[in-house]
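Student: Sharing a structure here in structure tokens format.
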Amino acid sequence: MRRFYLKQSYVHVPGGFMKSHVRKSLVVEDSTLEFRGRSWTVKLFNYPNYYGGKFSASWAMFAADNSLSTGDVRVFELIKKTTVVFKV
């Protein structure tokens, strides 16, 4: 995890992932991050003409609640496309 993402209220989602796995018509949608038996609702923004997307709105809470720090690694696995749920 980069320090920048821990200080900001969002984290970047790569464009390749967004193009392959997220509806092109999606602009913003509530998404769920599930980790260690808990869940957080975050906004998933899609910017298909730019760099991809981002998790925002409650990303900072997710990072703080899980004591994320610089250098930590988390894998986000899309487990449900219809309501956009990620297992972390």
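Student: Rounded to whole Å and sorted largest first, list the principal axis extents of the Cα atoms in the chain.
Tutor: Extents along the principal axes, in whole Å: 33, 26, 19.
Student: State, as an integer percentage, the relative contact order of the chain based on alpha-carbon contacts under 8 Å between residues 6 or more apart.
Tutor: In percent, rounded to a whole number, it is 36.
Student: Relative to the present Cα-Cα distance, how much length would full extension add between Ser67 and Tyr50 at 0.36 nm per residue of separation?
Tutor: Details: separation 17, 0.36 × 17 = 6.12 nm, distance 3.03 nm.
Contour length minus Cα-Cα distance gives 3.1 nm.
Student: Over every pair of different alpha-carbon atoms in the stretch 1-47, take the mean of 1/r and invert it; report that Kirkwood radius in Å.
Tutor: 12.2
Student: Along Cα→Cβ, 7 Å out, is where each label goes; now give me the distance between the ones at Thr32 and Lys81 in nm to one decimal.
Tutor: 1.9
Student: I've got another one for you. Report, ordered by chain and residue number, the lysines lying within cross-link reach of Lys24, taken as a straight Cα distance under 20 Å and ignoring same-chain residues fewer than 8 apart.
Tutor: Lys43, Lys54, Lys80, Lys81
Student: How charged is the neighbourhood of Val27? Take every other residue with its Cβ under 15 Å from the Cβ of Val27, and add Lys/Arg as +1 and Asp/Glu as -1.
Tutor: That works out to +3.
Taken together, the values in this text are just the output of simple stated rules run on the coordinates, not laboratory data. In this text the structure is predicted, and so the values were computed from the model without any measurement. Methodologically, a virtual Cβ is constructed for each residue, glycine included, from the backbone with ideal geometry; neighbour enumeration extends over all protein chains shown.
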